[in-house]
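Quick notes on the structure that follows.
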Amino acid sequence: MKLAKILVAGAVVAGLSVSVAMADYNKGFKYYNKYVKKKSHVKSTQLIKILGVKTVDELKALFKDNGKPLVEKLKAAGQEKAAKGIEKIIKKGKLKDLEDFLVGIMQGKIPAGCS
């Protein structure tokens, strides 16, 4: 019985470490600042307002299809520079990190200088 509990606990820990390694809030913050905020001067909280999303599920829906809906919505809102920054993040393969960062922003985890 103890062996089964240890195996289950090990599987849970391994699963958590894999999900943490896949995407990172801090890396998303770094990429957002480098490619979006620096070029377009749009703070992350402003970006959420520009996108017009009210829930995390609405935000996550914009990241479907490799972020195409996100880029299209930014272009439609007249934020060409921000859209180009997002496209660079997509090319680097860091879209999941950006998603985690923006989800964190919606959940109230706002770093200094982003409000």
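The values are calculated or read from the model by the stated rules, or taken from the named source; none is laboratory data. As the structure is a computational prediction, the values presented were derived from the model and not from experiment. Note that each Cβ is placed from the backbone with ideal geometry, even for glycine, and that neighbours are counted across all protein chains shown.
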(request) Only residues in region 24-40 that are aliphatic (A, V, I, L, M) count as the first member; pair them with residues that are crowded, with 17+ Cβ neighbours inside 10 Å, Cβ under 6 angstrom, at least 6 apart or cross-chain, and list the lot. (result) V36/A82; V36/G85
(request) Would you point out the residue of region 69-85, among those that are in contact (Cβ under 8 Å) with a residue 24 or more places away in the chain and not in a helix (DSSP H, G or I), that is surrounded by the most Cβ atoms within 10 Å (Cβ to Cβ)? (result) Q79
(request) Six or more apart or on different chains, Cβ under 6 Å: which pairs go from a residue in region 86-115 that's closer than 14 Å to D24 by Cα to one that's modelled with pLDDT under 95 and among the charged types (D, E, K, R)? Could you list them? (result) D97/D24; D97/K27
(message) With the requirement that a residue be surrounded by 15 or more Cβ atoms within 10 Å (Cβ to Cβ), of a type in the set (G, A, S) and under 19 Å from G108 (Cα atoms), what does region 22-62 give you?
(response) A23, G28, S44
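Table: residues versus (1) of a type in the set (D, E, K, R); (2) modelled with pLDDT of 95 or more; (3) touching an Asp or Glu at 6+ places or on another chain (Cβ under 7 Å).
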position	(1), (2), (3)
K2	yes, no, no
V8	no, no, no
V13	no, no, no
N26	no, no, no
V42	no, no, no
G52	no, no, no
K88	yes, yes, no
